[in-house]
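Read through the structure below, which is laid out as C-alpha cells, and then see the notes.
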C-alpha cells in the first residue's frame, strides 16, 4: 500500500458527511469508507477524525447513538441529521463549482 | 441557520454537558476499538501483532490529546464563562471585604424592609379571599349620616325584607359573632361563636366537608339547637370522630347537635370562631318596626352573574324605598331626615379599608428606602470600579474583549445582589416575625400573615433586577472609555471619569430628595402621634384596670340578680387596699361606638333635622370617680341612684350645649328612645360631666352622651372599672377572684388596663410612625454615606490641584469651604426637589394625619434641619481632611 495522499485542508468534515450519506457508521467504518470511496487514495488522519466528528455533532449536523460493532463491541454510531444532509447538499454544490473552476484554471494552456 | 439545526446544536451542547463523564468513557472505548480494528487490518496484511499495535498507535498520535480536544469541544462556552466570571468576581470581592459587606448589608436591609412590608400587604390587600369568585362578595350596612351614625350594620328585619327580593344578589345572608361559654358549664373561658343565617355558606360559595348547612326552621328560638364545627374544632374537641354528626356540644349550657363539619381551609375573614350556630330570632324581631333597631348583624351577599356593584346599590335603594312605604308611624320621614341609606361595598375592600392607606404608605416608604439603598450602592460601586479603571484599561490593552470585561462586572454585581437578596430574604423573614410580635397579626386578615413563596420570589426577582440595573450602570462607565484614555487618566491620578462623577452627583441629589420625602412623612406621622397622645380623652388613662363581665346564660341573668351582683362586686373590690374607686358601665370608652336615640322633652327639632345618635351608658357603683370624669355641674350618679331606681341621668357638656345652649342643663328632662313619652317615663338631669372620647382617642365626634343609673341603661354584659393607687396590672387576679367568689360560673374576660386600650386605639398611628421613623433614619444614614462618598471622591480627584494651590499660598479655610459648598450645593438641590415631592406625598398622607396639616411648617422644618445637620457633617469630614493635605507630599508624589 503506497503512502496515501493527505487530505485537502478543510475537506475532512465534508468527506465525513459524505461517508455518512448512505447509513450511520462508527468512527473506524467512516475512515474505511472514505479510504474505499477514494479508491484507497485518501487516508483519513486518524488523530483528526474524532475531533472532527465531535465538531460536526456540536454543529448539529450529525447525531450519535451507541450501538454494536460487527465484533460485538459497543461503539458510537454517527448519523446525518436533516440539517446535516442539507448542509452536505450545499457543500457538494459549492465543491462542484469550485473544483470545475480549479480544473478550468489548471487546464487552460497559457 | 434553520431551526432544526439550532435545535440539534442546542441538544448536542446541552447533552454534552450532562453526558460529559459518560462520553469520556465511551470515547475511550471507541478509540480502543478503532486502534484494534486498525491493528487487525495490519495483521491481516502480514504485519506481526506487536508491530501492528505499535504502528496503529503511531498513526493515531497522542490519545490524550484527542480526548482533550474533544473535552474542549464538549464545553458550552456561555455556561463555562459565566462560571469563570463568577469565580473571578468572588475572588475580586474577597479582596475588598469592606465594600462587599457594606453592599450586601445595605441591599439586605433595604430589601428586607420592603419584603417584610410586602408580606403584610400581600396577606391583607393582595391575596384573594379563600372563596370561589371572591370578587363577587359584598357587604352592606345602613348609614344615618345626619344622625351622626356613619355605620350601623343591619337589622334582622333588613335581612328578612331583602332575602330573595333583590335580583342583584344570588345569595344574601347575615352573621354576628358573640362570646359564649362552651363545653364544661363550670368553665369561665369564653370563645367567639358565629351566629349565621342558613344561606351563609352558600353565599360564600363553600360546601361543608360533612353534614348539611342550617335550614330555615332552625332560625326560630328553641329549634336552633344545632351546630356546625370548624375542622379544627372537630379535630381538637372530638378527635376527628368519623361519626361526629349527631353528637352534642354545650354552648352557653345549651346542648347543641352537630349537623356539619367545615372544610379544613375554611376561615371567614379574620374570625376566630370555631363553632357556627343558627342566628335565631323571635318573629317579633322581624317586623317593620324593628327595621332600624340597630346593628343586630352584619350582612353579606353574592352578586348575581353579570350584575355590577352599582346595579346592586340601586336595587338595594329601591328595595329600601319600597319597604319604607309600609313603615310604622311615619318612620320614613324620620329616616329621610337622618339621611338613611344602605351602602353596598366589596367585602374584602370593606374589611381591610381601615388599614389600606397605612399599608400602602408603608410599602411606598419601604420602596423609597430600597431605591435610596440601591442608588447608594451603585454610587459605592462606581467609586470602587473607578479605582479599577487602570486595571480594566490594562486588560483591554492586553486584548480582553469588551464582552469579557462586561461579563466580569455583571458577575460581580449579580453575586453582590444575590448575596444581598439572600440575606435580605432572611431579614424579611425576621422582619415579618417582628411585625407579628408588634401586632401585625391583629390587622384584618393579618392572621394569614406569613413569609411565603410569593414574597420570596419577589425578593429573588428584585435582587436580580437590582443586580442588572447596577451592572448596567457600572459597566457602561467602565467599558465605554477607550483603553488608551483609561491608562492615561489613571497614570495622571484621575481616578474617576468626568461622566461617572457627574452621574454620582445626580445620584446624591436623588438620594437627598427621596430621604427628605421620607423624613417629612416620618416627621408628620410622628407629630400626629404626639398630638394624639396629647389629647385629653375626658378621663384619666393611667392606673385604671377594666374587665368585661357577662351574666348572659348564667343563673344571674335576671335583672335583680344583676344589680345584686354589681353591688357585691363593687363592694368587695373597693375594700381592697390599693383600690380607690370601683364602678361599672355598659359601655367603656374605646370599646365600641354604638349610639342610640334619646328624646329631650320640649325640644322641637327644626324641620328636616334628624334624630341624633347619642352615646347612652348604664352606670353602676362609683364610675365617674373610677374614671375620673370631671363633673362640671350638679352631681355624678352614685350607687344609690341604681339601688333606689331613681329616674335621673347625667349628660355630658356636648349634649347640654346642643339641647340647652346658654342654659343650665340641670332639671331638664329626657326620654329613652326616639319619641317623647308619658312624664313618668322621663329622666331628670342631675349633673353635667366632661365629654369623653368614646369611639377613638382621635375621633372628636361631639356626639353627646347620657348616663343612666344601671337599672335603666343596663345590660347583662358590662365592664368593671377600678382606679388603683398602685400598678393596675397587679389587680388582674384580684379581679378574677372577686368575680369567682360571687359566682364561679360567671366569666370575666378582656381584662386590660386603660393604658393598654389607649395603646391599642393608637396602634394604627404608633406603628406606622415608628416604622416611618426607622425607614427615614436608615435613609438618612445612607444619604450621609452617599454624600460623604461623593465629596471625598472629589477631594481625592483634586488632591494634586489642592496641593499645588496650598503650596502657592491658598488658605486651608478656602479649601475647606470649596468642598463643603460642593457637597452642600448637591444637598440643597436635593432638598428642594424632595420638598416639592413631599408636598405631593403630604396630600396622599392627609387622611392619616391627626392635628397637623400635610404642609405643617414645623414638621417640614424639623426634617430640613435634621437633613442639614447630618449632611453637613457628612460633607465636613472630607472637606476638613482636604484642607489638611500636605502640599510638599503631594508635589513629591508627582
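Annotations
- Residue within region B:64-74 that is more than 8 Å from chain A (Cβ to nearest Cβ) and either at pLDDT 70 or above or more than 30 Å from residue A:85 (Cα to Cα) (or both) present: yes
- Number of the condition not met by residue B:720 [criteria: (1) more than 34 Å from the chain's Cα centre (by Cα); (2) within 25 Å of residue B:178 (Cα to Cα); (3) crowded, with 20+ Cβ neighbours inside 10 Å]: (1)
- Verdict on residue B:31 being modelled with pLDDT of 80 or more, under 28 Å from residue A:59 (Cα atoms) and within 11 Å of chain A (Cβ to nearest Cβ): yes
- Hey, residue B:374 in contact with a helix residue (DSSP H, G or I) (Cβ under 7 Å, 6 or more places away or on another chain) and over 23 Å from residue B:780 (Cα atoms) or not: no
- Pairing residues of region A:82-104 that are away from every other protein chain (no Cβ under 12 Å) with residues that are surrounded by 14 or more Cβ atoms within 10 Å (Cβ to Cβ) and part of a helix (DSSP H, G or I), at Cβ distances under 8 Å and at least 6 apart in sequence or on separate chains, gives A:88/A:14; A:88/A:17; A:88/A:18; A:91/A:14; A:91/A:17; A:92/A:18; A:95/A:14.
- Residue in region B:195-206 that is under 30 Å from residue B:598 (Cα atoms) and either out of contact with any strand residue (DSSP E or B) (no Cβ under 6 Å at 6 or more places or on another chain) or part of a loop (DSSP other than H, G, I, E, B) (or both) present: no
- Any hit, region A:66-76, residues being touching a helix residue (DSSP H, G or I) at 6+ places or on another chain (Cβ under 6 Å) and within 15 Å of residue A:11 (Cβ to Cβ): no
- Residue check, residue B:782 free of Cβ contacts under 8 Å to residues at least 60 places away in the same chain and assigned to a helix (DSSP H, G or I): no
- Of the set (1) closer than 15 Å to residue B:30 by Cβ; (2) within 13 Å of another protein chain (Cβ to nearest Cβ); (3) modelled with pLDDT of 85 or more; (4) surrounded by fewer than 19 Cβ atoms within 10 Å (Cβ to Cβ), all apply to residue A:24 but (2).
- Residue B:626 touching a strand residue (DSSP E or B) at 6+ places or on another chain (Cβ under 6 Å), more than 23 Å from residue B:544 (Cα to Cα) and not in a strand (DSSP E or B): no
- Set B:741, B:678, B:665, B:690: member being in contact with a helix residue (DSSP H, G or I) (Cβ under 8 Å, 6 or more places away or on another chain), surrounded by fewer than 21 Cβ atoms within 10 Å (Cβ to Cβ) and farther than 22 Å from residue B:549 by Cβ: B:690
- So residue B:809, is it surrounded by fewer than 22 Cβ atoms within 10 Å (Cβ to Cβ), outside the structural domain of residue B:109 (by TED's automatic domain parsing) and free of Cβ contacts under 8 Å to residues at least 12 places away in the same chain: yes
- Against the list (1) within 24 Å of residue B:340 (Cα to Cα); (2) at pLDDT 90 or above; (3) more than 29 Å from the chain's Cα centre (by Cα), the condition residue B:170 fails is (1).
- Residues that are in a strand (DSSP E or B) and closer than 29 Å to residue B:202 by Cα, drawn from region B:128-149: B:137, B:138, B:139, B:140, B:141, B:142, B:143
- Among (1) touching a residue at least 24 places away in the same chain (Cβ under 8 Å); (2) under 12 Å from the mean Cα position of the chain (by Cα); (3) more than 14 Å from chain B (Cβ to nearest Cβ), the one test that residue A:78 misses: (3)
- Screening region A:36-66 for residues that are more than 8 Å from chain B (Cβ to nearest Cβ), in contact with a strand residue (DSSP E or B) (Cβ under 7 Å, 6 or more places away or on another chain) and crowded, with 17+ Cβ neighbours inside 10 Å and picking the one that is modelled with the lowest pLDDT gives A:42.
The values are calculated or read from the model by the stated rules, or taken from the named source; none is laboratory data. Values in this document were obtained by computation on a predicted structure and should not be read as measured data. All Cβ positions, glycine included, derive from the backbone under ideal geometry; neighbour counts span all protein chains shown.
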